[in-house]
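Q: The structure's right below; bear with me while I get my questions together.
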Amino acid sequence: MNSRRRFLTLSALGSLTSLGSLKALAQPKPVKGPVILSTWNPGIRANARAYEVLQNGGSVLDCVEKGVNVIENDPNNRTVGIGGFPDVEGNVTLDACIMDQHQHCGSVAFLQHIKNPVSVARKVMENTKHVMLVGEGALNFALEQGFKKEMLLTEKTLAAWKKRKAELDTKLPEINVENHDTIGMVARDTDGNLSGSCTTSGAGMKLHGRVGDSPIIGAGLYVDNDVGAAAATGWGEAVIENAGSAMVVELMRHGRSPQEACEEIVNRIANKFEDWKSIQVGFIALNKAGQTGAFAIQKGFTYALHKNGENVGHPSDSLLKT
Ligand code: ASP
């Protein structure tokens, strides 16, 4: 090799090496220990329970199930489980799903009378050959599995429903925290394994029979144990149309940080959904290294993060600032 060629080869090698080391330097330091991330302020209570489950030897799947059960069991939470806001006809219909580190998932949609749909979703995953059960079939399955039939409509939600019914029009629902409170949770255990869950009573005043993004694997929730996990909240139709959570995970697979991935999908939804300024959509994401991200269309989205032994609520950044 002549000296000029050798020089070029060596400098190319040199810059490759320094690029390699720069890249290595840019890699996030993996977070040690469990990381639990969930949507909205009630996520703090859900995270606390989820962490306790892990500390007591539960799996990361147990952690994401039991964590969100806390909110499903709370009659004062208007958008999940018992006390969830009814559809336009006054029926509480619940959607939920769960996904584990082995790419297994379970889901229920349009489920009535059972306050823990996420646990029924887990039974679908573990005790059937299927991924998703809906409506009466899901209810019958839940009863067979030992779940109790309950009245999910509370006096408070009935009163609120009557008021909303009286002022109902055809516009998209008003953007406020009360309308958007799906609990999505993604978690990583100390060994680096991921799982996620998502549970909701769906958009308030939805049409009877409407199913949102929350029980749809890839929309409301997605987990890939090689990459990361993501969950969504907000106007489910926009999330389904863009395969939201699966896209967030896919972007992380291609090198985006969880924060970048959430921002890119929210921007994409805003570009494609005509009425985007009238809806809220928010994502949370977690990668294998324990890095997290969150982003929403509207101001006001919050998330809860349990990391390094601390469990704290945070405001998310958003596309619209006011
Ligand atoms: N994503 C849920 C749905 O569309 C509701 C929400 O998070 O507000 O059913």
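Q: Mind checking which of G57, G220, G228 has the largest fluctuation in a GNM of the chain, springs on alpha carbons under 10 Å?
A: Evaluated over the chain, the most mobile residue of the options is G57.
Q: Calculate the translational D of the chain in whole µm² s⁻¹ from Stokes-Einstein, where the hydrodynamic radius comes from the Kirkwood formula applied to all Cα pairs, the temperature is 25 °C and the viscosity 0.890 mPa s. Please list the in-between numbers first.
A: Details: Rh = 20.0 Å.
Using the Kirkwood radius from Cα pairs, D works out to 123 µm²/s.
Q: On to the next question. To make sure I understand, if each residue's beta carbon is the centre and we count other beta carbons within 10 Å, what order do L152, L207, L221 fall in, fewest to most? Provide the component values of the computation, followed by the final result.
A: Details: L152 23, L207 9, L221 34.
Ascending number of Cβ neighbours within 10 Å: L207, L152, L221.
Q: How tilted is helix 135-144 with respect to the longest principal axis of the chain? Cα atoms for both, answer in degrees (0 to 90, nearest 10).
A: 90 degrees
Q: Same structure, new question: For M132, M185, M252, M151, what ranking results if the residue with the fewest other Cβ atoms within 10 Å of its Cβ goes first? List each step's numbers first, then the result.
A: Working: M132 20, M185 32, M252 25, M151 9.
With the fewest neighbours first, M132, M185, M252, M151 line up as M151, M132, M252, M185.
Q: Only bridges whose two residues both fall in the chain count here: according to DSSP, what percent of them are antiparallel, nearest 5? Present the calculation step by step, with values, prior to reporting the outcome.
A: Values: 46 of 52 bridges.
That works out to approximately 90 percent antiparallel.
Q: Moving on. Choose one answer from N47, N308, N77: the residue with the largest mean-square fluctuation in a GNM of the chain with alpha-carbon springs under 10 Å.
A: Largest GNM mean-square fluctuation: N308.
Q: Going by C-beta contacts inside 10 Å, put S195, S245, S59, S318 in order with the fewest on the left.
A: On the way: S195 28, S245 31, S59 15, S318 20.
In increasing order of surrounding Cβ atoms, one gets S59, S318, S195, S245.
Q: Continuing with the same structure: Once the Cα atoms of helix 60-72 and of the chain are each reduced to a long axis, what angle between those two axes, in degrees from 0 to 90 to the nearest 10, is obtained?
A: 40 degrees
Q: Give me a comma-separated list of calculated 3J(HN,Hα) values for region 51-59, in order, Karplus coefficients 6.51, -1.76, 1.60 applied at θ = phi - 60°, integers in Hz, x for any Gly or Pro.
A: Result, rounded to whole Hz: 5, 4, 4, 5, 4, 8, x, x, 7.
Q: Can you tell which of K307, K277, K288 shows the greatest fluctuation in a Gaussian network model of the chain with Cα springs below 10 Å?
A: Most flexible of the set in this elastic network: K277.
Q: Rounded to the nearest 5, what is the percent of antiparallel bridges among the DSSP beta bridges in region 125-247? Each step should come with its number before you reach the end.
A: On the way: 10 of 11 bridges.
About 90 percent, rounded to the nearest 5.
Q: Among the DSSP beta bridges whose two residues both lie in region 215-322, what percent are antiparallel, rounded to the nearest 5? Intermediate results must be reported in sequence, preceding the final value.
A: Numbers: 22 of 25 bridges.
Close to 90 percent.
Q: Still on this structure: Tell me which residues come under 5 Å, amide H to amide H, from I279 once H is placed; ignore anything under 5 positions away on its chain.
A: Here the answer is none, since no amide H 5 or more places off falls under 5 Å of that of I279.
Q: Continuing with the same structure: Going by a ≥ b ≥ c, the root eigenvalues of the Cα gyration tensor, does region 170-322 fall in the rounded group (a/c under 1.5), the prolate group (a/b larger than b/c) or the oblate group? If you can, show how the numbers build up before the last one.
A: Details: a/c = 1.58, a/b = 1.56, b/c = 1.02.
It is prolate, given that a/c is not under 1.5 and a/b is the larger ratio.
Q: Same structure, new question: Please determine, in degrees from 0 to 90 and to the nearest 10, the orientation of helix 117-127 with respect to the longest principal axis defined by the Cα atoms of the chain, where the helix direction is its Cα long axis.
A: 70 degrees
We did not get these values from a lab; they are worked out from the coordinates using the rules stated. All of these numbers come straight from a predicted model, not from anything done at the bench. Cβ coordinates were reconstructed from backbone atoms using ideal geometry, including for glycine residues, and neighbour counts include every protein chain displayed.
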